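Since the structure comes first, as structure tokens, the remarks are kept for the end.
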């Protein structure tokens, strides 16, 4: 018992003594450190901004009213109360395509969303309707009722004459921080990335302009403020900016978006055939793309292409294998689709088909496929 009584007493006395010393020393130290004459420093006049800075500022002021913040919602079911609730799903960026309310963004921004709202640069929020989607190109179009006076669309550039090293600017809403500007250069051209649907997107622009989650669907601009791409993906082990971003080229955007506005889906040039999976062909050491089925009355049928057949025992007999288009080798369905993307409906192509070990040349007029 004496031990239990003495030790707390010593601790209390020691702490009290320390507090007394600190209390005594604090005013003296404060007097020594404080300066009653302290005043704000005089402000140095800012020198004129550089030409490049002024150009960037003016470009942002022109372009930012055309960039929007998109929030999406999903439906969540409460199994205990047997009720469904609308909950926030995600956020992204978009930009004005036409003054009458069409907005372009990425497909993955609105994928599986129940609803979406669009916040304009003036902070007004508008309910959006889904117009159409192109998962193969990771593009989507929304529509809002435009405010009085309409919206301001971005000027459209070209991605066909871009050069590695030229300056680019990205505007978006990374991590929900709206109207964010980042700058950089074109790091590479002609990249290929995989879309949400698994199809390859070719001709992609690589940039070191900072792109983070939330930037998806925002515009990539050249130094004249023209749209040259739609920011869609980053390469990063951590999921944040790592100096490698990708944008869908504007030439693809300018071809697909009008189709989404007109039809609600992308219309592309094709043959009217079904193709066997590439992996199935590779396992059988087949070089080329196997024609699995040919639609009746299609461009392929008119050109005399033949489909694969299956006998009563389930054995597949391959008829035609597409091995080249206009002399360009075709080793996968992505190769074939990339070539078709460079053509319009109604174009005539030279199709090289392998049939029973022989190569046959076919002239085919491409049709519209969806």
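Structural remarks
- Selection from the stretch 94-117 of residues that are over 16 Å from residue 215 (Cβ atoms) and surrounded by 15 or more Cβ atoms within 10 Å (Cβ to Cβ): 96, 97, 98, 101, 102, 111, 113, 115, 116, 117
- Residue 364 vs. criteria surrounded by 13 or more Cβ atoms within 10 Å (Cβ to Cβ) and either over 20 Å from residue 203 (Cβ atoms) or without any contact (Cβ under 8 Å) to a residue 24 or more places away in the chain (or both): yes
- Filtering the stretch 337-355 for residues that are more than 29 Å from residue 252 (Cα to Cα) and at pLDDT below 95 leaves a non-empty set.
- Qualifying positions in the stretch 205-219 - in contact (Cβ under 8 Å) with a residue 40 or more places away in the chain and over 11 Å from the mean Cα position of the chain (by Cα): 205, 206, 207, 209, 210
- Matching entry among 62, 114 (being under 30 Å from residue 137 (Cα atoms), modelled with pLDDT of 95 or more and under 36 Å from the mean Cα position of the chain (by Cα)): 62
- Which numbered condition residue 276 fails, given (1) in the same structural domain as residue 200 (by TED's automatic domain parsing); (2) modelled with pLDDT of 90 or more; (3) buried (at least 18 other Cβ atoms within 10 Å of the Cβ): (1)
- Here residue 91 meets the list (1) surrounded by 17 or more Cβ atoms within 10 Å (Cβ to Cβ); (2) farther than 22 Å from residue 221 by Cα; (3) at pLDDT below 95 almost entirely, failing just condition (2).
- Flag for residue 260 being buried (at least 20 other Cβ atoms within 10 Å of the Cβ) and assigned to a loop (DSSP other than H, G, I, E, B): no
- All positions within the stretch 130-154 that are loosely packed, with under 15 Cβ neighbours inside 10 Å, out of contact with any strand residue (DSSP E or B) (no Cβ under 7 Å at 6 or more places or on another chain) and touching a residue at least 40 places away in the same chain (Cβ under 8 Å): 150
- Pair list, Cβ under 7 Å, 6 or more apart: the stretch 316-335 residue at positive phi, other residue buried (at least 18 other Cβ atoms within 10 Å of the Cβ) and assigned to a strand (DSSP E or B): 326/349
- Here 350, 317 are screened, and the one residue that is in contact with a strand residue (DSSP E or B) (Cβ under 9 Å, 6 or more places away or on another chain), surrounded by 13 or more Cβ atoms within 10 Å (Cβ to Cβ) and not assigned by TED's automatic domain parsing to the domain that holds residue 256 is 350.
- The listed residue being in contact with a strand residue (DSSP E or B) (Cβ under 6 Å, 6 or more places away or on another chain) and without any contact (Cβ under 8 Å) to a residue 60 or more places away in the chain, out of 71, 37, 99: 71
- Top-ranked residue of the stretch 199-235 - restricted to ones that are outside any strand (DSSP E or B) and more than 18 Å from residue 173 (Cβ to Cβ), ranked as modelled with the lowest pLDDT: 235
- Matching entry among 290, 253 (being in a strand (DSSP E or B), in contact with a strand residue (DSSP E or B) (Cβ under 8 Å, 6 or more places away or on another chain) and surrounded by 18 or more Cβ atoms within 10 Å (Cβ to Cβ)): 290
The values are calculated or read from the model by the stated rules, or taken from the named source; none is laboratory data. Predicted model only: the values in this text are computed from it and were never measured. Glycine gets a Cβ as well: all are built from the backbone with ideal geometry, and neighbour counts include every protein chain shown.
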